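**Q** Please see the structure below; I have some questions.
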Amino acid sequence: MYQIVNEDGVIVGHLEEGDRIVKKKSLDKLRAEEGKLILPKGESFIKVFQDALPQLASCGLSTMEAQVFFFLIKNLRYESNAATYSNGKLITRENLCEDLHTNTTSIQKAITRLISKSLIAEVKIDLGKVFIVNPFVAMVGNKLEKTSYDLFKHSRWYRDWCKSANN
């Protein structure tokens, strides 16, 4: 067990026999050495629902479809489930071609299939078209805007999500 010394040199907590006294910076390093990964500052998380994974694995995505889907998931925004760049710029079909180093036809086919499988939706907003990822598969945060919910509430992903939530 470790006991931390705060900036004033005061030990935080009660000392037990065998405890080590360390500074906060040292504790992070010790934990890393114990095989615990310390994530870089600013690293974000995406919630992918466990019960959606088998269904996702079995829906037969092509390599390009998977690349597009995971690229969009990587760029999800909190609560809206809209896929945008970190600067707020919308991800367009043209951007996908550039970012994934592929042609327009491949991107068009991938998007069409992802939409048909209810994994994404493409929605027109004031700024242009935005891709929304099905929040019953993956999302950021623990709240969801009603618009994203409404887009996918009739999908099989939602029905399966409800079943797993009731078990």
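Bear in mind these aren't lab numbers, they're just calculated from the coordinates by the rules spelled out. Just so it is clear, the model here is predicted, and its values are computed rather than measured. Cβ sites come from the backbone with ideal geometry, for glycine too, and all protein chains shown count toward neighbours.
**Q** In whole Å, what is the distance between the alpha-carbon centres of segment 100-167 and segment 40-80?
**A** Spelled out, the Cα-based centre of one part sits 10 Å from the other.
**Q** Further question on the same structure: Length gain on complete extension for the stretch Thr105 to Tyr85, per 0.36 nm per residue less the alpha carbon to alpha carbon distance?
**A** Once the chain is fully extended between Thr105 and Tyr85, it gains 5.0 nm.
**Q** What is segment 47-167 by shape, rounded, prolate or oblate, if you read a ≥ b ≥ c off the alpha carbon gyration tensor as root eigenvalues and call it rounded for a/c under 1.5, prolate for a/b larger than b/c, and oblate otherwise?
**A** oblate
**Q** Take segment 78-138, drop everything but the C-alpha atoms, weight them equally and run the Debye formula without solvent; then report log10 I(q)/I(0) at 0.22, 0.28 Å⁻¹ to two decimals.
**A** After summing over all Cα pairs, the log10 values are -0.98, -1.33.
**Q** For every other residue with a beta carbon closer than 12 angstrom to the beta carbon of Phe69, add +1 if it is Lys or Arg and -1 if Asp or Glu, then tell me the sum.
**A** That works out to +2.
**Q** Using modelled amide H (1.01 Å from N, peptide plane; none on Pro or chain starts), what sits under 5 Å from the amide H of Leu61, excluding residues fewer than 5 places away?
**A** none
**Q** Next up: Using a simple charge model, +1 on the beta-carbon of Lys and Arg, -1 on the beta-carbon of Asp and Glu, nothing else, what dipole does segment 81-155 show about its Cα centre, in debye to the nearest 20?
**A** Computed about the Cα centre, the dipole is about 240 debye.
**Q** Multiply the residue separation of Ser164 and Asn95 by 0.36 nm, subtract the distance between their alpha-carbon atoms, and state the gained length in nm to one decimal.
**A** 21.3 nm
**Q** Amide H neighbours of Leu76 under 5 Å, at least 5 residues apart or on other chains, H built in the peptide plane: list them.
**A** Correct list: empty.
**Q** Of the cross-linked pairs Lys74/Lys117; Lys117/Lys153; Lys74/Lys163; Lys129/Lys163; Lys89/Lys124; Lys47/Lys74, which ones have a Cα-Cα span greater than 22 Å in the structure shown?
**A** Lys74/Lys163; Lys129/Lys163, as the Cα separations exceed 22 Å there.
**Q** Could the peptides 48-55, 113-120 be put in order, highest first, of the mean number of other beta-carbon atoms found within 10 Å of their residues?
**A** Ranking the peptides 48-55, 113-120 by packing returns 113-120, 48-55.
**Q** Given a Förster radius of 25 Å and the C-beta distance between Glu122 and Ala57 as r, what FRET efficiency does 1/(1 + (r/R0)^6) yield to the nearest 0.05?
**A** 0.60
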